[in-house]
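In what follows, a structure is listed as structure tokens, so that the remarks can point back to it.
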Amino acid sequence: MQAPAKEQNRSRFYYADDDLIEKPFNWAQIARLGRYLKPYRKQLIPVLFAVLLATAARLLIPFILGWAIDNAMDGGRPDWLFYCAGAILALFVLQWWANRYRIRYMNTIGQNVIYDLRAELFKHIQQLSFRFFDKRPAGSILVRITNDVNAMQELFTNGVINLIIDMVQLVGIVALLLVLNFKLGLAVMITVPIMFVASTTLRKRIRQGWQAVRINQSRINSHLAESIQGIRVTQAFTQERENMEFFDGMNKRNLRSWNKASALNQSLGPVIELTSAFGTCILFWYGSHLIQSGELTVGMLFAFANYIGNFWEPINRLGQLYSQLLIAMASSERIFEFFDETPTVSEKPDAKELPPVRGDIRFENLVFEYEKGRPALRGIHLDVKAGQSIALVGHTGSGKSTIINLLCRFYDPVQGRVTVDGYDLRDVTLQSLRSQIGIVLQDTFIFSGTIRDNIRYGRLDASDEEVEAAAKAVHAHDFIMALPNGYDTEVEERGSLLSMGQRQLLSFARALLADPRILILDEATASIDTETEVRIQEALKTLLLGRTSFIIAHRLSTIRNADRIVVLDHGRLMEAGTHDELMLRDNGIYHGLIEAQYRFLQDAG
Ligand SMILES: Nc1ncnc2c1ncn2[C@@H]1O[C@H](COP(=O)(O)OP(=O)(O)OP(=O)(O)O)[C@@H](O)[C@H]1O
């Protein structure tokens, strides 16, 4: 199978951190994983006890059988056979009961561990700063929370306990073999080093095979997430075929890597089986010699053969467990990498609560860069009085959103500071700051749920009356009532069933309900009809009343209505003033921008 050339040429969905799974087996990581079991110590003790009980029962059965052959059958006491059969039956029942208990409780513990892990990971990711998300596509984050956590599930429900069962069984059998007949015990164990060498060389290749599988799967998932999120763009640009080809290439590569890893994995079994057959040959050859010399009974040879059968099984399974462990190690390493990520914007230990603000805001000589050496803001100085509305204007990439990002403290400035009512943002808690800032984004985020839920997102304890009052104030009530179930209409995820203007009005209602002193508005760029424009402008007036507001403005009407217009260019504040003041500067940037917009509108008309 040849992967399409297109896919091979591209490095899309290749993440530098995929390479991380090349790291070797790591005990520190196992210990770190073990910490997740710690809260369940008490439940683990009876499970371990059940494991011991089941193993002891299992190991006793061959001994009883051997004993029965020597003493009941050979020894001429066939009546003892009845008791032996009874004992074996009792041991089987005990083994069955202990296994049932173990499986049930271990599943619960495993699921609880996964629950804890997932919850902790989600909580942690929510706290991470914007910088973290700048570096990673949403798909790769998604893969970690779903795939990598799921990969751990098998480890915690079956892996850990099987490891313990196999170890206990192995140790038990070795001890029994040596006690029953030291010489024969040693002889059959000659095969162990052979098996060890054969399986360790295979193990490395198996591990690399599974690593390749995980990388390929993670890419497929990232591509899937991106494709589904961007399906509209794909269809609009009729890129389905090329997307399919690209996906097909990834899918084939995944299939190939899976087949290879799986074949390697399965080759371990026959190696073990061959070695175990060799062990059985030694057993019968050397065992019959020992019987002839009177050092071994037939019954004990029978017991030995049984133990040997039970001996290869855990060794074989340990090999499989090892690959499972490696898969889980790779996943856990990627999960821990997230856990080790600390928010770049963090609260000081002595951060104060920002009291209810008036809304005086100062940007003092603000310098900021997203990437070193590429300043996005170069010395911004701006004084905003409480209640003023500021329109931020400038070419794309001039730094408008960056000012907002710093005001919300999504990032910290490289130089200078931002103050609200005289408080440096770095001295107050994030919660007390952000809870007093309302943000209305250009791409209004509509969650799945009802219209009412979506407005209430602004203030969760708002009553139905308050929700409706907010909707009325921003003129959203009429269109909501025209929907099939009014306020209880379910909106699809991201509000795809609502128009752009309707989504804007909903987000205004949401912001009004939250009633923040400081409001940030990223105005939608999409053109809307004049009637909606008028409605939105009226809604805006209600929304902005008495708040300090920053509007990344695109519509002329919004810009003109602002108390002050701030013009940015390449991260510098170039002009500030009212519309009339700025229009007086014939060669000014603002003057140029407005002229250009008029010309555009005239041409379009
Ligand atoms: N997350 C980021 N990582 C790296 N660079 C960024 C990031 N966000 C913005 N930039 C860069 O910072 C500069 C300012 O960007 P900003 O988003 O503030 O511009 P803007 O004026 O809001 O543009 P637009 O009107 O297109 O939204 C640009 O050069 C941009 O490329």
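What follows draws every value from the coordinates through simple rules; no lab data is involved. Note that this is a predicted model, so its numbers are computed, not measured. Here the Cβ is made from the backbone with ideal geometry for all residues, glycine too, and neighbour counts use every protein chain on show.
Over region 61-150, what is the relative contact order in whole percent, taking alpha-carbon pairs under 8 Å and six or more residues apart?
Worked out over region 61-150, it gives 22 percent.
Sort 231-243, 509-521 for me by packing, meaning the mean count of neighbouring Cβ atoms within 10 Å per residue, highest on top.
My ranking of the peptides, most packed first, is 509-521, 231-243.
Order these peptides, 445-457, 344-356, by their mean beta-carbon neighbour count within 10 angstrom, highest first.
445-457, 344-356
Before anything else, pin down the relative contact order of the chain: Cα pairs under 8 Å, at least 6 apart, normalised by residue count, whole percent.
Averaging sequence separation for qualifying contacts and normalising by length gives 14 percent for the chain.
Just want to confirm a number: the relative contact order over region 210-362, from Cα pairs under 8 angstrom separated by 6+ residues, in percent.
RCO, region 210-362: 27 percent.
I want to make sure I understand the PRE zone here: with the label point 7 angstrom from the Cα of residue 348 toward its beta carbon, which residues in region 413-441 have backbone N atoms less than 12 Å away?
423-429
What's the FRET efficiency of residue 255 with residue 584 using the Cβ-Cβ distance as r and R₀ = 51 Å, to the nearest 0.05?
So, using R0 = 51 Å, E works out to roughly 0.15.
What whole-number distance in Å separates the alpha-carbon centres of region 277-348 and region 186-264?
Region 277-348 and region 186-264 have Cα centres separated by 25 Å.
How many angstrom lie between the Cα centre of region 351-380 and the Cα centre of region 415-483?
22 Å
Taking the highest mean first, how do the peptides 396-405, 413-422 order by number of other beta carbon atoms within 10 angstrom per residue?
For the peptides 396-405, 413-422, the packing ranking is 396-405, 413-422.
Would you mind ranking 84, 281 by Cβ crowding within 10 Å, fewest neighbours first?
So the residues, fewest neighbours to most, are 281, 84.
How far apart, in nm, are the 7 Å Cα→Cβ label points at residue 94 and residue 239?
6.6 nm
Report the dimensions of region 26-339 along its three principal axes from the alpha-carbon atoms, largest first, rounded to Å.
Sorted from largest, the Cα extents of region 26-339 read 88, 40, 32 Å.
Could you tell me whether the chain comes out rounded, prolate or oblate from its Cα gyration tensor? Rule is a ≥ b ≥ c as square roots of the eigenvalues, rounded for a/c under 1.5, then prolate if a/b exceeds b/c, otherwise oblate.
prolate
With a cut-off of 20 Å, note down the residues of region 146-176 whose backbone N falls inside the zone around a label point 7 Å from the Cα of residue 200 toward its beta carbon.
Within reach of a label on residue 200, which here means backbone N under 20 Å from a point 7 Å along Cα→Cβ, region 146-176 contributes 167, 170-171.
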